[in-house]
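Worksheet: one structure, shown below.
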Amino acid sequence: TDLSAALGRIDLAVSPEVMQSDGTTASASLVSELPCLIIESGPAAGVVAAARLARELEDRQVIAFDMGGTTAKASLIEEYRASLAEELEVGEQYNRGGGHLRGSGYTVRTPCVDLTEVGSGGGSIAWLDGGGALRVGPESTGSMPGPACYGNGGTLPTVTDAHVVLGYLNPVAIAGGRKAIHKEAAERAIATLAARMHLSVQDTAFAIYTVATTTMRRAVRTVSVERGRDPRDFTLYAFGGGGGLHAAALAAELDMKRIVVPIAPGLFSSLGLLLSDVAVTRLSARRTLLDAGSVAALDEEVDRLAADAGAELSRHHGGEEINTEATASVRYIGQSSSLTIRLREDGATSTDPEALAQRFHAEHRRVFGQAAEGEPVELVALRVRALHHAPETRFADLATHYIDRSALRPIESYEKRPMYFGPERGLHDAPVLPRAALSGVTLAGPLVVEEADSTIVVPPGFSATLHPSGAVVLDVL
């Protein structure tokens, strides 16, 4: 509300939109009336951008991986759509064993992008537990004092300090030279841990890196394996400031064969804000058997919700074409949880009870490995979204402005940096390249792609090339 008023005072004729937890945006006036819609909006925009990029690359099965300063997040994208959860829990207690303590917070029944978050980011602190085992996170140094290598007074060893010691991050400066890096401070911070572990500083840094990656693996497994999907069938889309640093190691642990690191990975979620549809959602709790007798009432209720959502969308965003999507929460009688199946999309309706039941059985088999096709099926809720679709934007067009090819030179002329890949693969002199240097070539690792907002590590055993969308694509050799 304050922002809208301020824009009006400077005669800027725009209506602010705010990201919602479900990956769409809504007017500032609407979310001020229903603030519960934006509780988990922060990570949603990156998943939206990943889904848009997946369509351009024709990747039908994607796991989005977003690593920042304090957390890493994973989400499933299938058929170019982000998976949605029917509710979220806020204020939960963190479980050091990974994940959250279900029921320890407050349940909010509003749709949200279905993602898993773990406390493993660049600022996560490495420590030894009572048994002497190495742990990373969930505690973080935060932005101040931050990792020791930032020179702001931090003394605790963090994942970012490990990146510097291993040679993955520039040992002098990052962010295009605007942020100084103090490698000696990172080495001192990790040395205190190395002495207790009876390892070298380099091997301790690699251990921190490995444990952090393993923690991130739990997030990916939660959104894939625990939902009946095999991560080996998916492409890993890595973004966030730290996504490219761990993507290859994470993919190797999960036996994933392909990684995509989009343009502007450190700003990818901001880009997603510009690619998101504007939407209003309406929900109706409706518990009924899914049979021929319920179809007329079901169609009538979907029409009512669509009209209500459309009217609200027109009130805040009048004048644009309105599309509708309808989904149903369905389960076997006696189950406590449900699955979501699609009913209507852009005016096309599919409410044949037998077809819907078969779609539910197929989804149940995919998620849980079995289906009870002889059991009665009940519908427990309807959800309808009215949308204004965002303008079509091609990443290939954005890449022409983002990627600077004006100062390219032969690969062998770029500087090299010693990078450590653990006791088995050892130390390598790896070329440090700009993204544009991968144009038209496929290079085998080790190498580093260094940018102002991110760094991509391509270890031995992976190759890297540049896709027309501007994304760096890593493949297992």
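Bridges between two residues of segment 346-461, per DSSP, are antiparallel at a rate of about 80%.
Applied to segment 273-284, the Karplus parametrisation 6.51 cos²θ - 1.76 cosθ + 1.60 on θ = phi - 60° returns per-residue 3J(HN,Hα) values of 4, 7, 9, 8, 6, 8, 8, 10, 10, 10, 10, 9 Hz, with x for Gly and Pro. Extension gain, Arg258-Asp11: 0.36 nm per intervening residue step, less the Cα-Cα distance, totals 84.1 nm. Once the C-beta distance of His316 and Ala133 is scaled by a Förster radius of 60 Å, the resulting FRET efficiency is 0.70 to the nearest 0.05.
Note on segment 148-229: Kirkwood radius taken over Cα pairs, Stokes-Einstein applied at 37 °C and 0.692 mPa s, translational D equal to 240 µm² s⁻¹. Using R0 = 60 Å, the C-beta based FRET efficiency linking Asp303 and Ala175 works out to 0.70. Convex hull of alpha carbon positions in segment 189-276: directionally averaged projected area 7.5 nm². Cα-based radius of gyration for segment 352-433, normalised by 2.2 N^0.38 Å, reads 2.30.
Annotation: peptides 158-166, 170-178, 446-454, 82-90, ranked by per-residue average of other Cβ atoms within 10 Å with the highest first, follow the order 158-166, 446-454, 82-90, 170-178. Computed from point charges on the beta carbon alone (+1 for Lys and Arg, -1 for Asp and Glu), the dipole magnitude for segment 373-477 about its Cα centre is near 360 Debye. Taken along the Cα-to-beta-carbon direction at a fixed 7 Å, the label points for Thr214 and Val441 span 3.7 nm.
At a 1.4 Å probe, what is the % contribution of carbon and sulfur to the accessible area of segment 355-477? Using a 1.4 Å probe with all protein chains present, segment 355-477 comes out at 54 percent carbon and sulfur. For segment 2-72, the convex hull spanned by the alpha carbon atoms encloses 132 Å³ per residue.
So, counting K/R as plus one and D/E as minus one, what does the shell of residues with Cβ under 11 Å around Gly240 add up to? Residues near Gly240 contribute -1 overall. Rounded to the nearest percent, how much of the accessible area of segment 158-268 (1.4 Å probe, protein heavy atoms only) is carbon and sulfur? Percent of accessible area from carbon and sulfur atoms in segment 158-268: 52. Considered as an equivalent ellipsoid built on the Cα gyration tensor, segment 395-477 has semi-axes of 23, 14, 11 Å, the largest given first. Scoring 218-229, 464-475 by mean Cβ neighbours within 10 Å over their residues and listing the highest first yields 464-475, 218-229. Accessible surface computed residue by residue for segment 398-477, with neighbouring protein chains in place and a 1.4 Å probe, gives 46 Å² per residue.
Translational diffusion of the chain was estimated from the Stokes-Einstein equation, with Rh taken as the Kirkwood radius over Cα pairs; at 37 °C and 0.692 mPa s the coefficient is 137 µm²/s. Couplings for segment 174-182, taken from phi via the Karplus curve 6.51 cos²θ - 1.76 cosθ + 1.60 with θ = phi - 60°, read 10, 6, x, x, 7, 10, 5, 10, 10 Hz in order; Gly and Pro are left as x. In order along segment 228-240, the Karplus-derived 3J(HN,Hα) couplings, from 6.51 cos²θ - 1.76 cosθ + 1.60 at θ = phi - 60°, round to x, 10, 9, x, 5, 8, 10, 9, 8, 9, 10, 8, x Hz, and Gly and Pro are given as x.
Charge tally for Phe65 (other residues, Cβ to Cβ under 13 Å; Lys, Arg +1; Asp, Glu -1): +2. The protection proxy used here, the mean number of other Cβ atoms lying within 10 Å of each residue, ranks peptides 303-314, 376-387 as follows, highest first: 376-387, 303-314. Using the Cβ-Cβ distance between Glu412 and Asp233 with R0 set to 41 Å, the FRET efficiency works out to roughly 0.65. The label-point distance for Arg60 and Ile333, in a model that sets each label 7 Å from Cα toward Cβ, rounds to 3.5 nm. The residues packed around Ala195, meaning those with a beta-carbon under 13 Å from its beta-carbon, carry a net charge of 0 if Lys and Arg are +1 and Asp and Glu are -1.
The values are calculated or read from the model by the stated rules, or taken from the named source; none is laboratory data. This one's a predicted model, so the numbers in the text were calculated from it and none came from an experiment. So basically every Cβ, Gly included, is an ideal-geometry build from the backbone, and we count neighbours across all protein chains shown. With ligands, DNA and RNA removed, areas are computed over all heavy atoms of the protein, side chains included. Shrake-Rupley method; radii C 1.70, N 1.55, O 1.52, S 1.80 Å.
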